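What follows is a short report on a single structure.
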Amino acid sequence: MGEKDIEIKKIVAALKTRFWIILLITAVAGSAGYVYSEHTKPAPIYDASSTVIIQEERFNMDTLKVLVTEPVVLDKVIFELKLEQTPQSLIHHFAAEDVNSSQVLRFTATDTTPENAVVLANTIASVFPEAVNETLGYENVEVLSEANLSEAKHPINTPSDRLFHGSILIGLISGIGMAFLLDSLDNRLKTERQVEALLEIQVLGTVPKAAPRLLTHKKEKRTSHLKRGETIGE
């Protein structure tokens, strides 16, 4: 048997002997990662989309996209929904983009509930034509499609399990490292091979370890004999 095989056996033996340490550290690290990820989990965010079509001979799509987050539009949304908010607080709820460089402008609204996301998306689509008419004089802007609840039922920020899985991996690596550290600090002789290597003599035999039950039985038997002897002597 080569030295490499002996080293592998020593590694396996060290891991088996201190498997409970590896398991304990992995469990603690995994539990800590799970608790932390649950407490820092972000609130779910839902989105919904609506579209308008601009049927003007000349128009600037970039200007229209900028108007979506301007007070001229957001004030109308606040008025329609009777919100107690300012335009600045609503800006992060809306985004706009043109659809494949066409005349269609898509509004995307986000909120912590799918119902609110749908309401916001449909409201901004309904007030946008009037706001554009007042600001730019565009008269041919119409709602093309409205948002619906079925498309907004899934959150867009699904939490990741990477932190939990990472904590398990870190715990496993730490546990293995601790097992090897304890094994390197343990200078007890556990095998015949270790005794022979240290003393440079051949081991002729070993004393088997007695079972705890057998030791207890012998102790009780010896005590019984002593008591009986004392009785006879009296």
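The values are calculated or read from the model by the stated rules, or taken from the named source; none is laboratory data. A quick note: this is a predicted structure, and the numbers were derived from the prediction, not measured. In this analysis, Cβ positions are derived from the backbone assuming ideal geometry, glycine residues included, and neighbour counts consider all displayed protein chains.
List of remarks:
- Test: residue in the stretch 155-165 that is farther than 20 Å from Met61 by Cβ, surrounded by fewer than 14 Cβ atoms within 10 Å (Cβ to Cβ), in contact (Cβ under 8 Å) with a residue 60 or more places away in the chain and of a type in the set (Lys, Arg): no
- Considering the conditions (1) free of Cβ contacts under 8 Å to residues at least 40 places away in the same chain; (2) assigned by TED's automatic domain parsing to the domain that holds Ala13, Ala179 is excluded by exactly one of them, (1).
- Residues of the stretch 44-65 that are of a type in the set (S, T, N, Q) and either within 36 Å of the chain's Cα centre (by Cα) or surrounded by 14 or more Cβ atoms within 10 Å (Cβ to Cβ) (or both): Ser49, Ser50, Thr51.
- Considering Val66, Val118, the condition of being among the aliphatic types (A, V, I, L, M), within 30 Å of Asp161 (Cα to Cα), part of a helix (DSSP H, G or I) and out of contact with any Lys or Arg (no Cβ under 9 Å at 6 or more places or on another chain) is satisfied by Val118 alone.
- Residue count for the stretch 66-96, restricted to those that are in contact with a strand residue (DSSP E or B) (Cβ under 9 Å, 6 or more places away or on another chain) and either surrounded by 13 or more Cβ atoms within 10 Å (Cβ to Cβ) or outside the structural domain of Val143 (by TED's automatic domain parsing) (or both): 10.
- Of all positions in the stretch 97-110, at least one carries a residue that is closer than 13 Å to Ala152 by Cβ, of a type in the set (Val, Ile, Thr) and either free of Cβ contacts under 8 Å to residues at least 60 places away in the same chain or in the same structural domain as Val143 (by TED's automatic domain parsing) (or both).
- There is at least one residue in the stretch 148-159 that is among the basic types (Lys, Arg), out of contact with any Leu (no Cβ under 8 Å at 6 or more places or on another chain) and part of a loop (DSSP other than H, G, I, E, B).
- Pairs where the first residue, in the stretch 139-150, is acidic (Asp, Glu) and the second is part of a strand (DSSP E or B), C-beta under 6 Å, 6+ apart: Glu142/Ile53; Glu146/Ser50
- Considered as a group, the residues in the stretch 140-196 that are under 30 Å from Ile53 (Cα atoms) and among the polar types (S, T, N, Q) include one that is modelled with the lowest pLDDT, and that residue is Asn157.
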